[in-house]
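In what follows, a structure is listed as structure tokens, so that the remarks can point back to it.
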Amino acid sequence: MGEYDTLRTKNADKLAKLNLPGGDFPLLKAVVWDAKYPRNIDGLVSFTPIVAPTVIDDAHGTYCAEVMQTIYPGEIEFYAFAGSSKLEQAIDFCIENGIRLINASMHFIKSDVAEAQLKRYAEWGGIICCAAGNNEGQAVNYPASSPYTLAVSATNYEDNDGEEIDVTADSYWVVKYSNGMYDSFNGTSCSTPVVSACVGIIQAFRPEWYLNDVIDFLDTNSVDGEEEYERIFSFPDGFGKVEDEVNIKQRLCDPRNYRKGRRGSGKVEYIVIHYDGNDGATDEGNGNYFANNDTGDTSAHRFIDEDSMTISVPDDCCAFHCGATTYKHPYCRNDNSIGIEMCSDKDANGNYIITEATVSNTVEATKELMGEYGLGLDAVLRHFDVTGKNCPAPWVTNKSLWDDFKARLVETEIESEDDEEMVRYAKLADIPDQWGFRDTIEILMNAGVINGDGSDASGNDDVIDLSHDQVRSLIFEYRGGAFDRALIAKGLDPAVNE
């Protein structure tokens, strides 16, 4: 990447205008779709052809790739395709290989066949950034004029005009020719890969966004240029940064490994905790693996390790994480649950362990999901509880580790300053209904473990006057089975079914 450091220095003024976000970025797969196949340049850029190349161009497509790699902070894996005669084959290849970004600094004559393929790619989740054309006063070229692509114009070039234009970027970027000399790349052919690289960055953080989502984001963060249809984009301050303690990244899973949408009610009703069964793997490594491989219908929504979390499947999609032929749990299935994979390690004896840092991050992620979807403690399950699989193995072998994890899910931060008034609950209705607090206390009242002042002899509306700490302690004891005999004596289900 040393040569790109030089190109970034030479293009520093243009990079500064984009206000690019910092941080680590995943591998980006992108196609350069051009009139001719681009040429590889040793040590700078290389392409994998989608269809066997015929005519190889010496510069144009290569320059597009150089501009994209100059801007995108991570590595780009480039593929190449030329012309439009085998567009269906190229779109098939992109969908089969999870390639969601195409740069099209070219144009051709519109056809119904081509339009159908562009529509298919956009509906799958792919984005094609297209050059508007370099002829002032003329209509926007095709395929930039298609509603299924993203049309790009240039700020400093006499380009085509029209309301189809979605965004504008600088041209005249410094690139390197195959003979080692530097050149200036211009026109909408140059501004389009600028936008393509920005779209790649957006996809890294927002993999669930489709074409219209990205266009809306670009428009919201663009300002009017000098020409009528110019909308000049730059990233907003803080884009991609997460305020949570856990560093959150997104690496969209290969589409063969999950299903868009959720069958049935479409609601998230359970959270299932897994472990990856590896020794020292990371959330990033797991995310990249599932993004780059057909895993045979296996996936998870999140991967968590000691310092970060990678979102692999969007919450509104079905990950294949707890499917089985037979089930222990009567209701929890892939379609109504979110799967969390903890990264595991091995101790000196070769036994699987989950480090405290990973557990802590999983606690926080699970609590956030419980709050977001209004789930109680009984909705948090091990893979073992759903199908009987030995997962996560350390928490099946030693159930006390699982009990401790669940106890931490109901902990609520209460300020402990001397002048802070103690939180108290006069009646059952005053107890928060999150995390199953109120339901659990009501069970204990029905079992006679907790008795009120007798003011409501027929129900549970009498005064109980419990502090928040007392409620927490009662819940911990309940979850551990301390009151099971009292529950059974009243004909109620015990908390521990073992």
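The values are calculated or read from the model by the stated rules, or taken from the named source; none is laboratory data. Everything numeric in this text was worked out from a predicted model, so none of it was measured. Don't worry about glycine lacking a Cβ; one is built from the backbone with ideal geometry, like all the others, and counts go over all protein chains shown.
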Practice item. Can you confirm whether the stretch 338-357 contains a residue that is more than 21 Å from Ile248 (Cβ to Cβ) and of a type in the set (Asp, Glu)? Key: yes
Practice item. Go through Ser196, Ser145, Ser189, Ser153 for me and flag whichever is among the hydroxyl-bearing types (Ser, Thr, Tyr), out of contact with any Lys or Arg (no Cβ under 6 Å at 6 or more places or on another chain) and either free of Cβ contacts under 8 Å to residues at least 60 places away in the same chain or not assigned by TED's automatic domain parsing to the domain that holds Gly61 (or both). Key: Ser145
Check your understanding: Given the conditions (1) within 18 Å of Ala169 (Cβ to Cβ); (2) at pLDDT below 95; (3) out of contact with any Cys (no Cβ under 9 Å at 6 or more places or on another chain), which single one is not true for Thr70?
Key -> (2)
Practice item. Would you be able to say whether some residue in the stretch 304-325 is at pLDDT below 95 and over 26 Å from the mean Cα position of the chain (by Cα)? Key: yes
Review point. Is there a residue in the stretch 397-414 that is over 25 Å from Asp469 (Cα atoms), over 24 Å from the mean Cα position of the chain (by Cα) and part of a helix (DSSP H, G or I)?
Key: yes
Review point. Restricting attention to the stretch 1-48, which residues are in contact (Cβ under 8 Å) with a residue 60 or more places away in the chain, closer than 30 Å to Val223 by Cα, surrounded by fewer than 19 Cβ atoms within 10 Å (Cβ to Cβ) and among the acidic types (Asp, Glu)?
Key: Asp24
Point to revise | Condition broken by Ala348, with the remaining ones in (1) more than 21 Å from Thr440 (Cα to Cα); (2) part of a helix (DSSP H, G or I); (3) of a type in the set (A, V, I, L, M) satisfied | key: (2)
Review point. Going by the conditions given, is Thr54 exposed (fewer than 15 other Cβ atoms within 10 Å of the Cβ), assigned by TED's automatic domain parsing to the domain that holds Thr149 and either over 26 Å from Pro143 (Cα atoms) or modelled with pLDDT of 90 or more (or both)?
Key: no
Check your understanding: So which residues in the stretch 168-189 are in contact with a helix residue (DSSP H, G or I) (Cβ under 6 Å, 6 or more places away or on another chain) and either within 12 Å of Cys130 (Cα to Cα) or not β-branched (Val, Ile, Thr) (or both), if there are any at all?
Key -> Ala169, Asp170, Ser171, Trp173, Phe185
Review point. Just for the stretch 220-249: of the residues that are of a type in the set (A, V, I, L, M, F, W, C) and at pLDDT below 75, which one is nearest to Ser360 (Cα to Cα)?
Key: Val246
Check your understanding: If you take the residues in the stretch 185-242 that are in a helix (DSSP H, G or I) and among the charged types (D, E, K, R), which one is surrounded by the most Cβ atoms within 10 Å (Cβ to Cβ)?
Key -> Asp213
Revision key, fill the gap. Considering the stretch 96-119, residues that are hydrophobic (A, V, I, L, M, F, W, C) and surrounded by fewer than 17 Cβ atoms within 10 Å (Cβ to Cβ), and then whichever is nearest to the chain's Cα centre (by Cα), we arrive at Ala116
**Study point:** Residues (loosely packed, with under 15 Cβ neighbours inside 10 Å, farther than 11 Å from Leu444 by Cβ and modelled with pLDDT of 75 or more) located in the stretch 464-498
**Key:** Asp465, Ser467, Arg485, Ile488, Ala489, Gly491, Asp493, Pro494
